[in-house]
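Peer 1: Sharing a structure, written as structure tokens. Questions coming.
The values are calculated or read from the model by the stated rules, or taken from the named source; none is laboratory data. Worth saying up front: this structure is predicted, and the values here are computed from it rather than measured. Backbone-built Cβ (ideal geometry, glycine too); neighbour counts: all protein chains shown. These accessible areas exclude ligands, DNA and RNA; they are computed on the full protein's heavy atoms, side chains included. Shrake-Rupley method; radii C 1.70, N 1.55, O 1.52, S 1.80 Å.
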Amino acid sequence: MAVFIGTAGWNYPTGRGTWNGIFYPARRAKGFDELAYYAEHFDTVEINSTFYRAPEPGLSESWLRRTPKTFLFSAKLYQKFTHPDMYLARAGVRGWDLSRADIDQFRHGLDPLAEAGRLAAILIQFPPSFHAEPATREYLDWLLAAFAGYPLAVELRHRSWSDATEDTRARLDAQRAAWVVIDEPKFDSSIQQSWPGVRGPGSDVPPKCELTYVRLHGRNAELWWEHDEAEDRYDYLYSTDELKPVARAVKSAAAASKRVLVYFNNHFSAKAVANAAVLKHELDQPLPGEYPREMVDRYPELAGRIVTSGFTF
């Protein structure tokens, strides 16, 4: 199966939910490379840093050098395109102004990945405040056209998009963009998607896109909207029983898609790593690389599934 499983991001060095001392060794040799270490365990990653700044070609080339030639990257689109309020607050500017130069800069930064055949997708992630309205539909069309030629995946969170499934699907199909399936706490305003199927709303209608893109954010409903730290929202560990139907749905999607990308975003304390490993095991995928003993100590469901400190638990 052309199923690639990984996590959203690989660098979580601070906070209560750090990966240091859990997935990454507490004591590191000089020159320890987190991305290279991560790529010993997984075959894809979703790049978070591109959400906060447009990438430089040299950085993309560095990612290529540090990972195997079969390793795939998905990249979040720069927040200037999808989260103007966040961009304005972070950039300290007064007006939201997108230009062709912004598009060209982002494309230029990712071109080394695309030219190497290792750009799995550009993730266009919209916030729940992005509702299906005439102006937003027009903007979505424009944005998809602006990045035509790249594999695209669109994450929509407000239910107004699934309430108008046929229209939304048609817009995505026009640019062969994947409608991202998201697993997260569901509220009245949340987009309506169902498991199994993994094809998004209207799964009975085959999409034109040959890519299936799945993001699992965790199900921490209690802390989803109100939390002390942003990382608290993602403090959730899927049980093996919760992942079994996900595995069945991914197998179904793999039979209908050329490629399936699955990313865990429940990153608190490397829970995404643990769940990605369990899902790989459920899909009978190999689990390469050695894990620190702390992973099994903290997440016993990994026992017997991963190699840790040179031997199998």
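Peer 1: With the condition kept exactly as written, say whether any residue in the range 257-265 is open to solvent by 50 Å² or more (accessible area, probe 1.4 Å) and aliphatic (A, V, I, L, M).
Peer 2: No, every residue in the range 257-265 fails to be open to solvent by 50 Å² or more (accessible area, probe 1.4 Å) and aliphatic (A, V, I, L, M).
Peer 1: When you check LEU237 against the structure, is it out of contact with any strand residue (DSSP E or B) (no Cβ under 8 Å at 6 or more places or on another chain), assigned to a helix (DSSP H, G or I) and not small (Gly, Ala, Ser), yes or no?
Peer 2: no
Peer 1: OK, next. Only one of (1) part of a helix (DSSP H, G or I); (2) open to solvent by 30 Å² or more (accessible area, probe 1.4 Å); (3) within 27 Å of SER49 (Cα to Cα) is not met by LYS280, so which one is it?
Peer 2: LYS280 satisfies all of (1) part of a helix (DSSP H, G or I); (2) open to solvent by 30 Å² or more (accessible area, probe 1.4 Å); (3) within 27 Å of SER49 (Cα to Cα) except (2).
Peer 1: Return the residues of the range 31-49 that are open to solvent by 20 Å² or more (accessible area, probe 1.4 Å) and charged (D, E, K, R); say none if nothing qualifies.
Peer 2: Within the range 31-49, ASP33, GLU34, GLU40, ASP43 qualify.
Peer 1: Give the residues of the range 6-20 that are more than 18 Å from PHE264 (Cα to Cα) and touching a residue at least 60 places away in the same chain (Cβ under 8 Å), sorted by residue number.
Peer 2: Within the range 6-20, GLY15, ARG16 meet the criteria.
Peer 1: Do we find a residue being in contact (Cβ under 8 Å) with a residue 12 or more places away in the chain, among the aromatic types (Phe, Trp, Tyr) and part of a helix (DSSP H, G or I) anywhere in the range 59-69?
Peer 2: Yes, because at least one residue in the range 59-69 is in contact (Cβ under 8 Å) with a residue 12 or more places away in the chain, among the aromatic types (Phe, Trp, Tyr) and part of a helix (DSSP H, G or I).
Peer 1: Right, another one. Within the range 123-132, does at least one residue satisfy the condition of being part of a strand (DSSP E or B) and in contact with a helix residue (DSSP H, G or I) (Cβ under 8 Å, 6 or more places away or on another chain)?
Peer 2: Looking for residues that are part of a strand (DSSP E or B) and in contact with a helix residue (DSSP H, G or I) (Cβ under 8 Å, 6 or more places away or on another chain), one finds at least one in the range 123-132, hence yes.
Peer 1: Checking VAL154 against (1) closer than 26 Å to ALA39 by Cβ; (2) at pLDDT 95 or above, only one condition comes out false. Which one?
Peer 2: (1)
Yes/no matrix, rows are residues, columns are (1) within 23 Å of the chain's Cα centre (by Cα); (2) open to solvent by less than 60 Å² (accessible area, probe 1.4 Å); (3) within 27 Å of ARG259 (Cα to Cα):
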| site | (1), (2), (3) |
| --- | --- |
| LEU98 | no, yes, no |
| LEU110 | yes, yes, yes |
| ALA114 | yes, yes, yes |
| GLY117 | yes, yes, yes |
| ILE124 | yes, yes, yes |
| GLU138 | no, no, no |
| SER160 | yes, yes, no |
| ALA164 | no, yes, yes |
| ARG171 | yes, yes, yes |
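Peer 1: Name the residues in the range 56-85 that are under 21 Å from TYR12 (Cβ atoms), at pLDDT below 95 and open to solvent by less than 10 Å² (accessible area, probe 1.4 Å), would you?
Peer 2: Correct list: GLN79 only.
Peer 1: Please verify whether the range 23-30 includes one or more residues that are at pLDDT 95 or above, in a loop (DSSP other than H, G, I, E, B) and surrounded by 18 or more Cβ atoms within 10 Å (Cβ to Cβ).
Peer 2: yes
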